[in-house]
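Here the structure comes first, spelled out in structure tokens, and everything after it is commentary.
The values are calculated or read from the model by the stated rules, or taken from the named source; none is laboratory data. Please read these numbers as outputs of a predicted model, since none were measured by experiment. Neighbour counts run over all protein chains shown; Cβ positions are idealised from the backbone, glycine included.
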Amino acid sequence: MSGTTIVAEGDKVALTGNNVTYIVVAAVIALVALGFAFTLVRAVLGTGKGTVKMQEIAGAVQEGATAYLFRQFKTLAIFVVIAVVVLFVLPVHGVSDNVTAVKIGRSAFFVVGAVFSAFIGGAGMALATRANLRVAAAAREDGGREKAMSIAFRSGGVVGFLTVGLGLLGAAIVVLVYKGDAPTVLEGFGFGAALLAMFMRVGGGIFTKAADVGADLVGKVEQGIPEDDPRNAATIADNVGDNVGDCAGMAADLFESYAVMLVASLILGKTAFGTQGLVFPLIVATIGALVAIVGVFITRLRTSDRSGLTAINRAFYISAVISAVLVGVATWLYLPASFKEFDGGLQDVDANPRVVALAAVVIGIVLAAAIQALTGYFTETSRRPVRDIGRSSETGPATVILAGISVGLESAVYSALLIGAAVFGAFLLGTGSITLSLFAVALAGCGLLTTVGVIVAMDTFGPISDNAQGIAEMSGDIDERGARTLTDLDAVGNTTKAITKGIAIATAVLAATALFGSYTDTLVSTLGGGEAAAAKLAEWLNISNPANLVGLICGAAVVFLFSGLAINAVSRSAGAVVMEVRRQFREFPGIMDGSQRPEYGKVVDICTRDAQRELMTPGLLAVLAPIAVGFGLGPGALVSYLAGAIGTGTLMAVFLANSGGAWDNAKKMVEDGEFGGKGSPQHAATVIGDTVGDPFKDTAGPAINPLIKVMNLVALLIAPAVVTLSFGADANTGVRVAIAVVAFAIIAGAVVFSKRKPIGVGGDGDSGKADAASAADRESVTA
């Protein structure tokens, strides 16, 4: 296999022989994964739907989630159109003679990546809003624990199959059509996926946590009613939010992680391994698609299992071992034993390509398993960190907050060290070649994502279980055994969501590191040769350059500002929800005895409008900040900017995700009867901790993952233009500074605009007082 021939045509490589076959097989396997997704959908929808009351509640959640998502897509369509035009205008370097065709392809596949990301998010949400009902119904039956677990996980498996299927199919088509130019076209594919995912993650996160925080503060703390009590006007919005945030948003997020990781590996693979560097990452991704099928179907809850997490962990670790074995076989069959047999530029490297590639992929697989174990330790209800938070509730909410922050900060250090060790270990495999080292880092990311099908299933499992518990509680059609089953699944879901967020940020770091190297390669290729170019490059990459230090600080600062904007958006919207729910309890006293029905639609409307309004500023910050720094301070400062964003973003994302997950499970532990139980002061303290953690773990934290990759891809896309305006005959300081000033002005204006609405004010500028919403309008939302 390693002797497959290639033909060089200028800068474009024509695929011949077995390589075309491998790419076609990858595309076929992608279609097989999509076929399995369809099969699982039919199996899930064929299960029982429970009582009429449960179906009515689920129908209201479906309608609210669908309406929100379509409204969000209409908003985001504007960004897609603008980005398509900008991508076509931006210059490209290092491609074949047909530059226009490559530009068209990059813009076209930007749309494809965006559509795939939106489709996966929408499809995942559509199934989740139907699976939650079926999980709740299954919990009422004999053997309900095993059946409910199976439905929830297999519903998540559908999203996993869609992720690997569409990601692999898109990449395979690009490589088949554009061959040696595929890396440049794939920049558009990855950017489209990442940009849509970031907007969906931020918007969905604001919606879900505004409703959740508002519902908890008024319902649990002030009124002393259960979490999903139908007397709480925010309950429908809360359940809608689980789907638009944790299902649609996170599904799109994990898809973009998969797509961007493939993009990074193919860009560097072409440089390091030549034609085989374009094909080998697709082979690894193909193995991942097969492993996803195996992993989802072997996830079965045994009667001897302590919880659903035991079954999920078992399937994950088995999948990881299978991945390592299959990648080892593929590596030895496909890659040659010497770099002299490659058409890439590393013929002089004294290393075994098989060993390098396999070791890099295994590093990624081991990293995924290590993050799973570490995150589980800090967020599982049976482990000491969560129990310590629960115990701290005996001294009030302040100590609960402090304990949760402490857990998040500590866990971030260990996770960052794990990710750093993986990056450095992969880097050492390069034996002194920067190009090979960066490709090894990218392959480590591919290795981590060989288990992405199971990872996505784990993530979607969480909100489905959460919604199932809500539907059962709101309907009242559940016995104590069924309620216990759903509570256990919900607690497992909190841990699986935290685990997948940890794995997602690890992929962000690996992908960003690889893209970081691609950016510097673009600087070199754009500068061309000569002593003046070499001297300029050395100046740009010198960290002692004050401009570069400023860039580093800006990169770190953007992560803080982005997180602050997201959390503040939740705070403002949640304040409006609190005021509205209080109003309804005050003005409709019959709500508490069941003689009057809450206005659920009003809260859904507040959350929808606020989410759309608030997602713009973080989105503009992510896209325009690299432009402001790159054109304003130069290419070197942009390198440092990316380094600062990667380092700070890693720590911040893990801190936010793990502290939030630990607070949530500490609350559930108290609700299960420990440290005072439901209705106690300890319970109120943990509810406050959970409300603080909600925007941490479900809005700001996971949004940092696509943020890092969006900024890296923006830097990669604008690099040729930044270099051209900074050095050589076409240098133009006036134009460069003007672009930076405009970008900065737009960011500043967006930040000021986002802060104009005070806490407690609804999305339409009202004060939370009664509005003129008609009963017919309310019925249209609540079905």
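Of all residues in segment 147-186, those being hydroxyl-bearing (Ser, Thr, Tyr), surrounded by 24 or more Cβ atoms within 10 Å (Cβ to Cβ) and farther than 22 Å from ASN712 by Cα number 1.
In the set ALA740, ALA685, ALA666, ALA729, only one residue is more than 24 Å from SER563 (Cα to Cα), out of contact with any Leu (no Cβ under 6 Å at 6 or more places or on another chain) and modelled with pLDDT of 85 or more; that residue is ALA685. GLY679 satisfies every condition listed in (1) in contact (Cβ under 8 Å) with a residue 40 or more places away in the chain; (2) part of a helix (DSSP H, G or I) except (2).
For segment 648-655, state whether one or more residues are among the small types (Gly, Ala, Ser), out of contact with any Asp or Glu (no Cβ under 7 Å at 6 or more places or on another chain) and either part of a helix (DSSP H, G or I) or modelled with pLDDT of 85 or more (or both).
yes
Filtered by the rule that a residue be over 23 Å from GLY594 (Cβ atoms) and either surrounded by fewer than 24 Cβ atoms within 10 Å (Cβ to Cβ) or hydroxyl-bearing (Ser, Thr, Tyr) (or both), segment 188-231 gives a lone residue, THR208.
Answer with yes or no whether THR379 is in contact with an Asp or Glu (Cβ under 9 Å, 6 or more places away or on another chain), of a type in the set (Val, Ile, Thr) and either touching a residue at least 24 places away in the same chain (Cβ under 8 Å) or on the phi > 0 side of the Ramachandran plot (or both). Answer is yes for this residue.
All of (1) among the acidic types (Asp, Glu); (2) buried (at least 24 other Cβ atoms within 10 Å of the Cβ); (3) outside any helix (DSSP H, G or I) hold for GLU256 with one exception: (3).
Of the residues GLY105, GLY144, GLY113, GLY121, which single one is surrounded by 15 or more Cβ atoms within 10 Å (Cβ to Cβ) and within 30 Å of ARG302 (Cβ to Cβ)? Spell out how you get there, then give the answer.
On the way: GLY105 fails: within 30 Å of ARG302 (Cβ to Cβ); GLY113 fails: within 30 Å of ARG302 (Cβ to Cβ); GLY121 fails: within 30 Å of ARG302 (Cβ to Cβ).
So the residue among GLY105, GLY144, GLY113, GLY121 that is surrounded by 15 or more Cβ atoms within 10 Å (Cβ to Cβ) and within 30 Å of ARG302 (Cβ to Cβ) is GLY144.
Taking the criterion of being surrounded by fewer than 16 Cβ atoms within 10 Å (Cβ to Cβ) and either small (Gly, Ala, Ser) or modelled with pLDDT under 50 (or both), the residues of segment 1-38 that qualify are MET1, GLY3, THR5, VAL7, ALA8, GLU9, GLY10, ASP11, ALA14, GLY17, GLY35. Filtering ALA657, ALA715 for residues that are buried (at least 23 other Cβ atoms within 10 Å of the Cβ) and in contact with a Leu (Cβ under 7 Å, 6 or more places away or on another chain) leaves a single hit, ALA715. Just to be sure before I move on: is LEU69 closer than 17 Å to ALA128 by Cβ, in a helix (DSSP H, G or I), of a type outside the set (Val, Ile, Thr) and touching a residue at least 60 places away in the same chain (Cβ under 8 Å) in the structure I sent? Spelling it out, LEU69 is indeed closer than 17 Å to ALA128 by Cβ, in a helix (DSSP H, G or I), of a type outside the set (Val, Ile, Thr) and touching a residue at least 60 places away in the same chain (Cβ under 8 Å).
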